[in-house]
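Take a look at the structure below.
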Amino acid sequence: MPATPSQTVGPFFAHALPYEHDWELVPERHPEAITLTGRVWDGAGEPVPDALLELWLGRTGDRGALRRGDGGVSGFGRCATDPDGRYRFRTIRPSGPYLSLQIFARGLLRSVLTRVYLEDLPDPLLDGLDPARRATLLATGKGDTYEFDVRLQGEGETVFLDF
Amino acid sequence: MTHPPYLYPGYQSTVLRAPSRPPVAFKADPDAIELSSPVFGHDEVGSLDADLTRQHAGEPIGERIIVTGRILDDGGRPVRGTLVEVWQANSAGRYAHAGDQHPAPLDPNFTGAGRCLTDDEGRYRFVTIKPGAYPWRNHPNAWRPAHIHFSVFGTAFTQRLVTQMYFPGDPLMPFDPIMQSIPDEAARQRLVSSYAHDVTQPEWALGYTFDVVLGRTPMES
Ligand SMILES: [Fe+2]
């Protein structure tokens, strides 16, 4: 059957899609918690204050994906960017080398899907990219905090994926 | 071509946000995490979440409607237990969102957000009110046709779909660059719901049906 076309998430989702503790895949005191944060930029180098990001670790976990319960880990989180274009997730390190990140925004008629690699290791996807483009998929880490910016367009444009 | 291109200058916001390079085609290994999707439990969705007319003390103003349909994969098989989220403007065309500057009244009895999980046939069902058209600043005299925003998960993160449902016969559709960004007329028509007299409930609400077909997962293709 032919697929249903995509349309933009638009500017007015803040009353609908965010939910309580959406950015917290693990509770505050989780011993292995890390923070993944960064900013979303447009082609003019301006922050994107109305993007919605979704993070997926590959396993649903026991904390609830939508209504956070007492469990330790959820594999899914959601975060709307703030006026500076910044997002933030509290998560754990994935079992593999990367996390999956999907971005929706006004002006994106389709979402974009990328990967956040916490370490620069040999990898089938990374190894197929030239060094400058490879670097767009590498988070920069300091202790328990990792930074990963998403550049939708232009210089340093993030590598987006089509499976 | 089912989906719109990223860059569609008639929709101004795409100009600085559309990636300039095509997405990198990548053949995922079977362990790729993008081939799975979060699972949402029935205890995570409230029983009233799918009735947008009962989320406040009083009844919202507007034409009460039932919107129902199935979430299917490309083989026509139901996608069971998947999360469907909807959001919309009220009957006057105003969103319950701080950024909406349209000088139309807010409705204290309508937020315009709902969610549910599909049943074993892949079916969802919402009760809501028909949203109004609303103006935007994309070009002179720009108006969005009445629409309900849909967000659907599916069984793989690559199938994740956000789209908009329109209403049959809406005269604003040909003027709307967001809808017209979809290059293929047949594909555009797949976003138009159908009036369904068998869904309509006497003396209570008009019925519309809208099915969503998710793309292939990479392992199938
Ligand atoms: Fe809208």
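Only one of these is in contact with a helix residue (DSSP H, G or I) (Cβ under 9 Å, 6 or more places away or on another chain) and without any contact (Cβ under 8 Å) to a residue 40 or more places away in the chain: A:Pro31, A:Pro47, A:Pro97. Name it.
Numbers: A:Pro31 fails: in contact with a helix residue (DSSP H, G or I) (Cβ under 9 Å, 6 or more places away or on another chain); A:Pro47 fails: in contact with a helix residue (DSSP H, G or I) (Cβ under 9 Å, 6 or more places away or on another chain).
After applying the criteria, what remains is A:Pro97.
I'm trying to understand the selection: among the residues of segment B:114-145, which are in a strand (DSSP E or B), among the hydrophobic types (A, V, I, L, M, F, W, C) and either farther than 29 Å from B:Thr14 by Cα or within 12 Å of the ligand (Cβ to nearest atom) (or both)?
Here is the first cut: in segment B:114-145, the ones in a strand (DSSP E or B) are B:114-117, B:123-129, B:134-136, B:142-144.
Okay, now just the ones that are also among the hydrophobic types (A, V, I, L, M, F, W, C), so B:116-117, B:126-127, B:129, B:136, B:142-143.
Matches in segment B:114-145: B:Cys116, B:Leu117, B:Phe126, B:Val127, B:Ile129, B:Trp136, B:Trp143.
Can you name the number of the only condition in (1) touching a helix residue (DSSP H, G or I) at 6+ places or on another chain (Cβ under 9 Å); (2) farther than 30 Å from B:Thr2 by Cα; (3) among the basic types (Lys, Arg) that A:Arg88 fails?
(1)
So, in segment B:146-172, exactly how many residues are away from the ligand (no atom under 14 Å from the Cβ) and within 29 Å of B:Glu59 (Cβ to Cβ)?
Summing the residues that are away from the ligand (no atom under 14 Å from the Cβ) and within 29 Å of B:Glu59 (Cβ to Cβ) in segment B:146-172 gives 4.
What number goes with the only condition from (1) in contact with a Pro (Cβ under 8 Å, 6 or more places away or on another chain); (2) surrounded by 19 or more Cβ atoms within 10 Å (Cβ to Cβ); (3) closer than 24 Å to B:Pro30 by Cβ that A:Leu101 does not pass?
Evaluating A:Leu101 over (1) in contact with a Pro (Cβ under 8 Å, 6 or more places away or on another chain); (2) surrounded by 19 or more Cβ atoms within 10 Å (Cβ to Cβ); (3) closer than 24 Å to B:Pro30 by Cβ leaves (1) as the failure.
Exactly one of (1) within 13 Å of chain A (Cβ to nearest Cβ); (2) touching a Pro at 6+ places or on another chain (Cβ under 9 Å) is unmet by B:Leu172. Its number?
For B:Leu172, the exception is condition (1).
Could we say that A:Thr4 is more than 16 Å from the ligand (Cβ to nearest atom), modelled with pLDDT of 95 or more, more than 20 Å from B:Phe157 (Cα to Cα) and polar (S, T, N, Q) here? Talk me through it step by step, then tell me what you get.
Working: more than 16 Å from the ligand (Cβ to nearest atom): yes; modelled with pLDDT of 95 or more: yes; more than 20 Å from B:Phe157 (Cα to Cα): no; polar (S, T, N, Q): yes.
It is false that A:Thr4 is more than 16 Å from the ligand (Cβ to nearest atom), modelled with pLDDT of 95 or more, more than 20 Å from B:Phe157 (Cα to Cα) and polar (S, T, N, Q).
Here are the criteria: (1) within 20 Å of A:Ala44 (Cβ to Cβ); (2) over 17 Å from the mean Cα position of the chain (by Cα); (3) facing chain B (nearest Cβ under 8 Å). Tell me which single one A:Leu129 does not satisfy.
Against the list (1) within 20 Å of A:Ala44 (Cβ to Cβ); (2) over 17 Å from the mean Cα position of the chain (by Cα); (3) facing chain B (nearest Cβ under 8 Å), A:Leu129 comes up short only on (1).
Within segment A:144-162, work out how many residues are touching a strand residue (DSSP E or B) at 6+ places or on another chain (Cβ under 8 Å) and not in a strand (DSSP E or B).
Of the residues in segment A:144-162, the ones touching a strand residue (DSSP E or B) at 6+ places or on another chain (Cβ under 8 Å) are A:144-152, A:157-162.
Add one more test, that the residue is not in a strand (DSSP E or B), and what stays is A:144, A:148-149, A:152, A:157-160.
Count: 8.
Being in a loop (DSSP other than H, G, I, E, B) and on the phi > 0 side of the Ramachandran plot: is that true of B:Gly169 here? Give the derivation first.
Details: in a loop (DSSP other than H, G, I, E, B): yes; on the phi > 0 side of the Ramachandran plot: yes.
Yes, satisfied.
The values are calculated or read from the model by the stated rules, or taken from the named source; none is laboratory data. Quick caveat: nothing in here was measured; it's all calculated off a predicted structure. Heads up, the Cβs are rebuilt from the backbone with ideal geometry, glycines too, and the neighbour counts pull from every protein chain shown.
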